[in-house]
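Some notes on the structure that comes next.
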Amino acid sequence: GKRGTLRNMKQRLLVVANRLPVSAVRRGEDSWSLEISAGGLVSALLGVKDVDAKWIGWAGVNVSDEVGQRALVRALAEKRCIPVFLDEEIVHQYYNGYCNNILWPLFHYLGLPQEDRLATTRNFESQFNAYKRANQMFADVVNQHYQEGDVVWCHDYHLMFLPKCLKEHNSKMKVGWFLHTPFPSSEIYRTLPSRSDLLRSVLAADLVGFHTYDYARHFVSACTRILGLEGTPEGVEDQGRLTRVAAFPIGIDSERFKRALDLPAVKKHVQELTQRFAGRKVMLGVDRLDMIKGIPQKILAFEKFLEENSDWRDKVVLLQIAVPTRTDVPEYQKLTSQVHEIVGRINGRFGTLSAVPIHHLDRSLDFHALCALYAVTDVALVTSLRDGMNLVSYEFVACQGSKKGVLILSEFAGAAQSLGAGAILVNPWNITEVAKSIEHALKMTSEEREKRHRHNYAHVTTHTAQDWAETFVSELNDTIVEAQLRTRQ
Ligand code: G6P
């Protein structure tokens with residue numbers, strides 16, 4: 001089948017994403033230390049085997065001198081990575097500004113930043129220009145490294161202008177674009193001043209992918225309503241040229257989690273955590289500290305649960321891992337203080353001299369510590385206000401082989417469409433409902449827990465990151481073949 005072909009051919013793939021899957025720290029004038037970092041997108045693509053992939057992206061650091069740049073290029077080459085150098089001003093306008101202050105909130109139905117609407121409107125044009133310039137810089141690096149036969153896979157909202165830049169340079173290049181966030185209803189999307197430019201650029205790709213069918217449908221209706229193009233079951237048609245649009249739900253490398261849980265060091269960690277929280281049920285949240293994750297809402301729901309269930313106060317603990325992210329964007333700074341204030345208030349209210357109800361950590365955990373934490377958790381709380389997919393829910397399920405804990409999951413996460421039958425689905429805005437769901441989860445019979453877990457576990461272990469990537473890449477190849485056939489006929 002398709003996968004077999006892909007394996008034998010060793011498809012060459014250029015993966016282009018804003019951020020490279022490494023964190024780079026400068027050790028000297030010409031030396032760098034690199035660490036592979038794992039985020040949503042990163043852990044998904046780490047699972048891809050049998051494809052000869054290279055990464056192109058920003059290393060997340062500002063390197064203005066040539067010696068440093070050359071050294072970084074060399075160090076990254078060993079990890080199959082190629083850097084795009086962005087200066088501070090571009091990062092400010094493109095990454096902090098247009099990507100994370102405009103597109104990100106809009107795509108998650110949060111609208112433009114609340115307090116600064118007018119300033120955002122005024123800065124819009126210069127930020128959009130920086131966005132286009134940055135996308136062209138990514139395109140230049142792709143063009144330098146592209147060889148005939150390569151497939152170029154562009155990722156996410158940072159690079160919506162990239163397909164057009166690439167196709168203008170070389171119309172034969174096979175270009176795919178995948179969005180890791182939701183694509184919102186066209187009623188929200190059409191408020192964006194640059195709505196048409198971005199749609200037209202994305203349509204220059206041969207294949208456009210989303211996590212869910214709903215996001216794909218929203219995209220097609222944006223194209224029909226805003227550009228007046230024709231939507232077909234296969235995608236969007238513009239003057240006889242078809243851009244394929246489809247849903248490709250991402251997964252995780254579940255084997256990697258299973259293997260980790262078998263390591264003696266992780267087992268020891270599990271034992272320690274079990275002792276540390278003996279006599280209490282463990283509830284867990286793991287999120288980037290982002291407004292889309294609904295962390296304040298989750299904590300308020302937990303407070304309500306404690307309020308209404310006084311007998312549970314010394315029998316349950318909430319561990320919230322909140323990984324700092326995009327800390328130069330004011331909205332994120334505000335969120336951090338808001339969360340700290342709520343956690344402090346609740347711990348003051350329900351804490352005792354020996355214990356507090358919420359352990360809140362402003363940092364990430366290493367992979368093994370995270371696996372151990374997932375494994376000892378009784379109830380995981382994923383309460384995103386909107387989320388493209390949400391792989392924390394998948395990772396939790398993958399680590400629950402023996403415990404068979406409960407997943408409380410927002411109906412506004414893409415994952416609700418795949419794990420909905422096993423999870424308790426909630427509207428994260430409804431704190432009363434979430435508090436009731438916490439109670440339900442904590443009191444659930446083992447039969448119900450096992451049944452729900454079985455459903456989710458089967459899904460997570462059979463819909464992996466590798467399947468996702470292989471399906472997208474082989475479909476991208478097929479799409480091109482079809483397009484060529486059509487012109488020959
Ligand atoms: C989301 C986005 C990714 C992004 C990640 C981390 O998952 O879809 O593209 O890399 O967040 O955010 P950051 O701004 O730190 O790259």
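The values are calculated or read from the model by the stated rules, or taken from the named source; none is laboratory data. Since this is a predicted model, take the numbers as computed values, not measurements. Note that each Cβ is placed from the backbone with ideal geometry, even for glycine, and that neighbours are counted across all protein chains shown.
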Provide a single number: the residues in the range 147-190 that are away from the ligand (no atom under 16 Å from the Cβ), outside any helix (DSSP H, G or I) and buried (at least 17 other Cβ atoms within 10 Å of the Cβ). 6
Is at least one residue of the range 192-200 touching a Gly at 6+ places or on another chain (Cβ under 6 Å), more than 22 Å from T471 (Cβ to Cβ) and assigned to a helix (DSSP H, G or I)? no
Could you list, in sequence order, the residues of the range 206-233 that are under 20 Å from T471 (Cβ atoms) and more than 21 Å from the chain's Cα centre (by Cα)? D206, V220, P233
Cβ pairs under 6 Å, 6+ apart or interchain, first in the range 93-112 and among the aliphatic types (A, V, I, L, M), second within 10 Å of the ligand (Cβ to nearest atom), ordered by first then second residue, are L103/Y157
Being within 21 Å of A59 (Cα to Cα) and either in contact with a Cys (Cβ under 7 Å, 6 or more places away or on another chain) or not in a loop (DSSP other than H, G, I, E, B) (or both): is that true of R133 here? yes
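Going by the conditions given, is L385 outside any helix (DSSP H, G or I) and within 22 Å of W104 (Cα to Cα)?
Details: outside any helix (DSSP H, G or I): yes; within 22 Å of W104 (Cα to Cα): yes.
It is true that L385 is outside any helix (DSSP H, G or I) and within 22 Å of W104 (Cα to Cα).
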All positions within the range 168-204 that are charged (D, E, K, R) and touching a strand residue (DSSP E or B) at 6+ places or on another chain (Cβ under 6 Å): K174
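I'm checking my understanding of the structure. Among residues of the range 49-74 that are assigned to a loop (DSSP other than H, G, I, E, B) and surrounded by fewer than 20 Cβ atoms within 10 Å (Cβ to Cβ), which one is modelled with the lowest pLDDT? Steps first, please.
Filtering the range 49-74 down to residues assigned to a loop (DSSP other than H, G, I, E, B) leaves 49-51, 59-65.
Checking which are surrounded by fewer than 20 Cβ atoms within 10 Å (Cβ to Cβ) leaves us with 49-50, 60-62, 64-65.
Numbers: K49: 64, D50: 67, G60: 94, V61: 95, N62: 96, S64: 95, D65: 96.
Step by step, filter the range 49-74, then rank; the result is K49.
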Which residue pairs have Cβ atoms closer than 7 Å, lie 6 or more positions apart in sequence or on different chains, and pair a first residue in the range 254-269 that is within 24 Å of H459 (Cα to Cα) with a second residue that is surrounded by 12 or more Cβ atoms within 10 Å (Cβ to Cβ) and charged (D, E, K, R)? F257/E395
Whether any residue in the range 381-393 is crowded, with 21+ Cβ neighbours inside 10 Å, within 16 Å of the ligand (Cβ to nearest atom), under 25 Å from the mean Cα position of the chain (by Cα) and acidic (D, E) is what I want to check. yes
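Would you point out which residue out of E168, E230 is under 21 Å from V16 (Cβ atoms) and free of Cβ contacts under 8 Å to residues at least 60 places away in the same chain? So that I can check it myself, show each step before the final result.
Working: E230 fails: under 21 Å from V16 (Cβ atoms).
Result of the check over E168, E230: E168.
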Of the conditions (1) over 19 Å from D478 (Cα atoms); (2) in contact (Cβ under 8 Å) with a residue 12 or more places away in the chain; (3) not β-branched (V, I, T), the single one that K174 does not satisfy is (1)
Restricting attention to the range 299-312, does a residue exist that is within 16 Å of the ligand (Cβ to nearest atom) and either under 19 Å from the mean Cα position of the chain (by Cα) or surrounded by 14 or more Cβ atoms within 10 Å (Cβ to Cβ) (or both)? no
Considering only residues that are of a type outside the set (V, I, T) and buried (at least 18 other Cβ atoms within 10 Å of the Cβ), look in the range 476-489 and name the one that is modelled with the lowest pLDDT. N477
Among the residues of the range 143-150, is there at least one that is under 24 Å from the mean Cα position of the chain (by Cα) and not small (G, A, S)? no
Of (1) away from the ligand (no atom under 16 Å from the Cβ); (2) hydrophobic (A, V, I, L, M, F, W, C); (3) assigned to a loop (DSSP other than H, G, I, E, B), L86 satisfies all except one. Which? (1)
